[in-house]
There are 2 protein chains.
Amino acid sequence: MKLLLFLVSAAGLLLVATPGVFGDEGMWLFTNPPRDYLKKQYDFDATPEWLEHVQKSSVRFNSGGSGSFVSPDGLVMTNHHVGADCLQKISSEKHNYLRDGFHARTRADEHKCTDLELNVLMSIEDVTERVKAAVKPDMSPDKAFAARRAVMAEIEKESLDKTGLRSDVITLYQGGQYHLYRFKKYTDVRLVFAPEQQIAFFGGDPDNFEYPRYDLDMCFFRVYENNKPAKIEHYLKWSKSGAKDGELVFVSGHPGRTDRLATLAELDYLRDIGFPFLLQRLNRLEVLLMAFSARNEENARQARELLFGVQNSRKARVGGLAALLDPQLMARKKEQEKKLRAKAKEDESLKDARDAWDRIAKAQKIRADHMHYFTLLEGARGGAAGFNTELFDIARTLLRAAEEKAKPNSRRLREFRDSNLESLEFQLFSEAPIYENFEKVKLTDGLTFLANELGGDNALVKKVLAGKSPSERAYELVSGSKLKDVKLRKKLYNGGKETVEACQDPMIELARQVDAEARKVRKIIESEVEEVQQQAYAQVAKVKFALEGTSTYPDATFTLRLAFGQVKGYEEDGKHVPFETTFAGMYKHSAEHHNREPFDLPKRWVERKDRLNLKTPINFVCTADIIGGNSGSPVINRQAEVVGLIFDGNIQSLALDFAYSDEQARALSVHSAGIVEALRKVYDAEELAAELTGHK
Amino acid sequence: MKLLLFLVSAAGLLLVATPGVFGDEGMWLFTNPPRDYLKKQYDFDATPEWLEHVQKSSVRFNSGGSGSFVSPDGLVMTNHHVGADCLQKISSEKHNYLRDGFHARTRADEHKCTDLELNVLMSIEDVTERVKAAVKPDMSPDKAFAARRAVMAEIEKESLDKTGLRSDVITLYQGGQYHLYRFKKYTDVRLVFAPEQQIAFFGGDPDNFEYPRYDLDMCFFRVYENNKPAKIEHYLKWSKSGAKDGELVFVSGHPGRTDRLATLAELDYLRDIGFPFLLQRLNRLEVLLMAFSARNEENARQARELLFGVQNSRKARVGGLAALLDPQLMARKKEQEKKLRAKAKEDESLKDARDAWDRIAKAQKIRADHMHYFTLLEGARGGAAGFNTELFDIARTLLRAAEEKAKPNSRRLREFRDSNLESLEFQLFSEAPIYENFEKVKLTDGLTFLANELGGDNALVKKVLAGKSPSERAYELVSGSKLKDVKLRKKLYNGGKETVEACQDPMIELARQVDAEARKVRKIIESEVEEVQQQAYAQVAKVKFALEGTSTYPDATFTLRLAFGQVKGYEEDGKHVPFETTFAGMYKHSAEHHNREPFDLPKRWVERKDRLNLKTPINFVCTADIIGGNSGSPVINRQAEVVGLIFDGNIQSLALDFAYSDEQARALSVHSAGIVEALRKVYDAEELAAELTGHK
């Protein structure tokens, strides 16, 4: 693999139109796209109108993916595995939509999702100066963190009051810039169509992140307003031909997180501590969920989406860890860092940045010391690892809401800021099913993990276990908690501090028992790691701007970005891997594996093989710069017409977390022609195909 | 669960015939069986003749299980999962005997095993005095360890020279006693019969360690001498009726390891460090092997036996860890330890033992500090975790053999002592297949684990990886090594030090690179942990003898033991679990799971259902005290006739590692009647059934 950041550093920086990046690299802000490069390299003019149209046609799935409007009647296209969160929640022992698929033949049949929120980015405003002005240089990290949190909450609240739109201040370039994003929010989202998981995820875990691939990883929703399909001004039209070899394409979506600016010290941390510890957790969860699922079909159904997520993360992290353990990649990063530090040293205007790398290195030590405790007690997205049950997350949200809402907006934990409350309540009051037995199994494992990490004689562990074994305690907590009842949640949430304080629900009592410790470690991570990093990285970014110019893009932050590239195969082990695959290849791939799970095809696909034009492409690859979170992004051509649907990257793309390459790393898409062929010939979904293509 | 050691401690110790143990507890030495208790409780006289007959009918599988002679023509009965090691090794892409089973209809068809060694215990001699005399009280742990190793090697060598029998000095009561065991060795072992793995392991991982169960977990081998079936004097006859409810039964087998004498400090170590770290490894291996197996059938075949072993260990360890995290069990252990320490304090003759607990506690700290490094570089059975490939094990054995064989017998690493060389060579020169791709995948994971544990910048990690990523390095090592060739191994082994030193095989070079470090950490574990523990536990055992009398049994050591108990159901969640299951129940269990994997039945069993007497028992439970290693043990009645075949324990039995209970913990057996019914009606194996039962 060729790692392009190294080539750039080694070759000097003045030769290409977008210094600091290379070729088709970049997850670009819509406010700062590589217009010159696109013009020069591809003779394409990304006009403001074109950009606005694409931006407003793009949809963020708050459950963790991307999508796009594909009809004037609110039709949204995404991946099956992005829709899976909804599919799981609306399924039951009787209807397994996640496994078997779903097809609403009329609008009346469209199935309302439980708690799915979609966001569309409506406007972007640079608020860097105001945020930076609030944080004085002489503030302690602790104070600086509080001041920044306060000014961001204030800006968001003002914007919400003024526009009624969801308003988030986004941190870009690790603190180099702050932008206010306003989103139109859709919470009445209905499922229109999903194929069988078998064909959406054909090849299963073994084929995940591999290419050639043959996955029909698609899913369609429709957004409603006032109980009617929403009227959408900006939506993407369907390409007549679909993606062609060599074609310039764009990907508009929400890459979740990259670490390309990360210093060596942070990469070392990720390599030796962050990734290994995360993988240790993923391995134990995968084994737990596999064993639970193997017991019977209903268990398997309940655990299905979570298990997919765990396996997917595991495979991605194994790939990321392999990149971090590649001495060549690390050598290039070292070279790059040397240049940045030299620049800071020689340029008097950058003198404040000179010790930024050391400050980051110091923060990694604190991070290493507290990360296990933080993961167990507080956790990032996905909850506290030591209390692995949705009921604990609910209990803690209720407990904290009572405390936080009583404080002024600017001093609350960030998730409780006024501008976020509506979304938070939408999740908290979700009617998504909670399965007692499943929660018991997860919590038993969580409590065991807690005891293993902290030691059986640790005071907190003893307090939490209350003289019982992890399984006994988990059973008593899950059986005893009444928080499965959404009405009770509403009562507690609206009742405020007194009501929650009087509540003796065992799960709330547990949350209460550990909250002081959880907040303490969160504060350490926020003020001694994140804040220090934020300030230091902002300075590193400044050095980078000074060296490479500002025509660059920030690390991914699960906000809207534009990537571009060419539809293009690649060489691997001396063989050419063609840019696209076809239905014919899919049937062959299945046969080569004796049609055995996970290489078996749904019955409908076996029976209807003859109806299909087997030459129709199903998947293709391109060089666009994507990462997790881009799933479901539309792939469009110069005319902003849909030619494909991002669903994965190949194994080589897993290094993209740290550095872009277009040699072998590829983004994988479902081909637009395959989507329509399947809808018409396999699913008899003529109405949906017509809505997409605009004609019968 | 009722934990009997607690009851004994609490109730005083003078009421039962075998003080210190309770009811059907005990993995008894054949030289010290509970004759009085059996007489009093069951009116059974375990005469020396009866004991000798059972002892010599019992067989140890050196691959890690038990078995028994069941005909005068050398027929050996064990479990399918004990035979799996051989079944895996003699299988190929064309013949998957492990999955599909095997049946030799004539003696000529019996299939020779690759490297299976069976041992039969012929004599037992107490050599405690001689061993203890060699270790002087004023020796440093280092010296004491060397002195003990030397005298043991000397005794073994003398015995081997005198008798020609495999001779092992066995450490009992953690160093309280030393016995010289002489074994007759069989190395020409041939496979006679194995059913499909599907029926042997019906219910798979979900049903493993569960009851009710329906597994035909059986396998038959025959030992040969001079190319003819061996003539066997002591073998077990077949019971006409098989196991009956309430009946007294005996289990003669080789329990692998228990920790019942373990002090609180060691239990804390196991709970907080030993078990969690082992489980972390098992989880990563399970995920690795599952992912590898899912890619295609041939991968699945290659990884099958290892994956079973990993899943089996994982489930057992999860159960063991749950026991350690049960505060009630720990409280009982605490109570017990208090009594022992009080006894040592009050009894002047035990004054040397007074600080034994503290010495053990100190050793646990050293163990905790070095255990990760030891596991990675040296490892116990199963090889060095950081170099997870059979080729490394072979390379290291060759490297060390050259060094060790040049030393006097008494000063070698224990596995290279003269009396063990024949068995070592038998393994080293095994023609068992080695699959390059599989070895690469395992080694990549091992090297990654090494880097994660020690850190990517660790000097040893850098040396080992040689500037490459783990996968690149693993590929180059496995592809480059010529040690797959047994002829080369023989040449290197017989060539001695010079030949090996000149050898540039990359795997030998790797072994050479890490050997100094590996030996260093092994020495720390041996002299600062094992030796200290050995001396201290010998003193704890002395206190125990003083308190409870010597009518007790030592912790398990993978040597022959006699257990006993009653065939008996139990109560669980308010329901009675009957003592036996039947073929009818098996078909029902399959149907309840929609005959889906792993609850599907082999085709033959579906087709021949009508031929079977469905009331025939297939599995049953008894209260005998067993643990891992007992798999394949015969279950016999008072007349020493086979009534069953041990193959598992229930979930409650997983706490038996630390304390016996007969309330719910049960040993699981295949019923003798089910074995014969299946052989006759399903497999048309009349000749085998006749050989077992002695009549057509």
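The values are calculated or read from the model by the stated rules, or taken from the named source; none is laboratory data. No experiment lies behind these values; they were computed from the predicted model shown. Here the Cβ is made from the backbone with ideal geometry for all residues, glycine too, and neighbour counts use every protein chain on show. Side chains are part of the model used for accessible areas, which takes the heavy atoms of the whole protein and leaves out ligands, DNA and RNA. Shrake-Rupley method; radii C 1.70, N 1.55, O 1.52, S 1.80 Å.
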field: Net charge dipole size for chain A [Lys, Arg +1 and Asp, Glu -1 on Cβ; Debye, nearest 20]
entry: 740 debye
message: Using DSSP to call loops (not H, G, I, E or B), can you name the GluC sites (Glu not before Pro) in the range B:118-213 whose Cβ has at most 16 other Cβ atoms within 10 angstrom?
response: B:GLU210
- prompt: What residue among B:VAL514, B:GLN534, B:PHE583 has its Cα farthest toward the positive end of the dipole of the range B:487-586, where the charges are +1 on Lys, Arg and -1 on Asp, Glu, each on the Cβ?
  reply: B:VAL514
Cα-centred dipole magnitude for the range B:356-434, charges only on beta-carbon of K, R (+1) and D, E (-1), debye, nearest 20: 520 debye
statement: In debye to the nearest 20, the charge dipole size for the protein assembly as shown, taken about the Cα centre with +1 at each Lys and Arg Cβ and -1 at each Asp and Glu Cβ, equals 840 debye
Unit Cα scatterers, Debye sum, the range B:215-289: log10 I(q)/I(0) for q = 0.12, 0.13, 0.15, 0.20 Å⁻¹: -0.81, -0.88, -0.94, -1.02
- prompt: At what distance in angstrom do the alpha carbon centres of the range A:121-144 and the range A:204-255 lie from each other?
  reply: 36 Å
message: Treating the point 7 Å from Cα along Cα-beta-carbon as the label, what are the nm separations from B:GLU436 to the other copies, to one decimal?
response: 5.7
- prompt: Per-residue accessible area for B:HIS95 at 1.4 Å probe radius, Å² rounded to 10?
  reply: 90 Å²
task: Would you please report the Å³ per residue occupied by the convex hull of the alpha carbon atoms in the range B:438-479?
output: 50 Å³
task: Can you quote the Å³ per residue value for the convex hull of the Cα atoms in the range A:372-530, rounded to an integer?
output: 109 Å³
message: For the range B:542-696, what are Rg and Dmax over the alpha carbons, in angstrom?
response: 18.4, 62
statement: Taking protein heavy atoms only, a 1.4 Å probe, and rounding to whole percent, the accessible area of the protein assembly as shown owed to carbon and sulfur comes out at 50 percent
message: For a quick check of your reading of the filter: which trypsin sites (Lys or Arg not before Pro) in the range A:359-436 sit in a DSSP loop and have no more than 10 other Cβ atoms within 10 Å?
response: A:ARG381
message: Can you tell me how the range B:565-619 classifies by the Cα gyration tensor, rounded, prolate or oblate, using a/c under 1.5 as the rounded cut?
response: oblate
message: Can you sort A:ARG182, A:ARG213 by solvent-accessible area, 1.4 Å probe, largest first?
response: A:ARG182, A:ARG213
- line: From the Cα centre of the range B:588-641 to that of the range A:391-414, the distance in Å is 55 Å
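To one decimal place, what Kirkwood hydrodynamic radius in Å is obtained for the range A:574-661 from all pairs of distinct Cα atoms? Show your work: numbers first, answer last.
Numbers: mean 1/r = 0.0650 Å⁻¹.
Its Kirkwood hydrodynamic radius stands at 15.4 Å.
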field: Estimated [θ] at 222 nm from DSSP helical runs (n ≥ 4, -39500 (n - 2.57)) normalised by residues in the protein assembly as shown, nearest 500
entry: -14500 deg cm²/dmol
query: Once Rh is set to the Kirkwood radius over Cα pairs, what Stokes-Einstein translational diffusion coefficient, in µm²/s, holds for the range A:284-337 at a temperature of 20 °C and a viscosity of 1.002 mPa s?
result: 163 µm²/s
- prompt: Among the GluC sites (Glu not before Pro) within the range B:610-696, which fall in a DSSP loop and have no more than 15 other Cβ atoms within 10 Å of their own Cβ?
  reply: B:GLU663
query: Which pairs in the list A:LYS112/A:LYS228; A:LYS442/A:LYS468; B:LYS315/B:LYS365 are over 24 Å apart, alpha-carbon to alpha-carbon?
result: B:LYS315/B:LYS365
message: As a test of the definition: which semi-axes, in Å, follow for the range B:610-696 when you take the square root of five times each eigenvalue of its alpha carbon gyration tensor? Largest first, please.
response: 28, 14, 10
query: How much area per residue is accessible in the protein assembly as shown when the probe is 1.4 Å and only protein heavy atoms are counted (Å²)?
result: 38 Å²
- prompt: Got a sec? What order do B:LEU116, B:LEU614 fall in by accessible area at 1.4 Å, biggest, i.e. largest, first?
  reply: B:LEU614, B:LEU116
If the convex hull is drawn through the Cα atoms of the range B:443-544, its volume per residue in Å³: 165 Å³
For chain B, the Rg and Dmax computed from alpha carbons only, in angstrom: 24.9, 73
- line: The Kirkwood hydrodynamic radius of the protein assembly as shown, taken as the inverse of the mean 1/r over all distinct Cα pairs, in Å, comes to 34.4 Å
field: Equivalent ellipsoid semi-axes, the range B:416-467, via Cα gyration tensor eigenvalues times 5, rooted, Å
entry: 31, 17, 8
query: Using alpha-carbon pairs under 8 Å, 6+ residues apart, how would you state the relative contact order of the range A:44-165 in percent?
result: 21 percent
task: State the percent of C-alpha pairs, over all pairs in the range A:33-103, separated by a distance greater than 21 angstrom.
output: 49 percent
- prompt: Over the range B:384-492, what relative contact order in percent results from Cα pairs under 8 Å that are six or more residues apart?
  reply: 36 percent
message: Test of understanding: express the Cα radius of gyration of the range B:301-369 as a ratio to 2.2 N^0.38 Å, with N the residue count.
response: 1.71
- request: Using only the alpha carbons of the range B:239-333, determine the length spanned along each of the three principal axes and report them from longest to shortest in whole angstroms.
  value: 49, 47, 20
- line: Note: A vs B interface, total accessible area buried (1.4 Å probe; ligands, DNA, RNA excluded), nearest 100 Å², is 3000 Å²
query: Mind checking which helices in chain B clear 18 Å along their axis (Cα) and have mean Kyte-Doolittle hydropathy of 0.5 or more, DSSP H runs only?
result: B:275-295
statement: Classified through the alpha carbon gyration tensor (a ≥ b ≥ c as square roots of its eigenvalues; rounded if a/c is under 1.5, else prolate when a/b is larger than b/c, else oblate), the range A:291-438 comes out oblate
query: What translational D, rounded to a whole number of µm²/s, comes out for the range B:158-294 from Stokes-Einstein when the hydrodynamic radius is the Kirkwood one over Cα pairs, at 4 °C and 1.567 mPa s?
result: 63 µm²/s
- request: Determine the order of A:LYS157, B:LYS94 by accessible area, beginning with the largest, at a probe radius of 1.4 Å.
  value: B:LYS94, A:LYS157
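What is the calculated FRET efficiency for A:HIS695 to A:LYS244, with r their C-beta to C-beta distance and R₀ = 22 Å, to the nearest 0.05?
That pair, A:HIS695 with A:LYS244, gives E of 0.60.
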- line: By the rule of no other cysteine beta carbon under 4.7 Å, the lone cysteines of chain B are B:CYS219, B:CYS503, B:CYS622
- line: Scaled by the rule-of-thumb 2.2 N^0.38 Å, the alpha carbon Rg for the range B:594-639 gives a ratio of 1.65
message: Given the rotation relating B and A, tell me which residue in B puts its Cβ closest to the axis and the distance in Å.
response: B:ASN283, 2
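In whole Å, what three semi-axes, largest first, describe the equivalent ellipsoid of the range A:36-151 built from its Cα gyration tensor (square root of 5 times each eigenvalue)?
Equivalent-ellipsoid dimensions as semi-axes: 38, 26, 12 Å.
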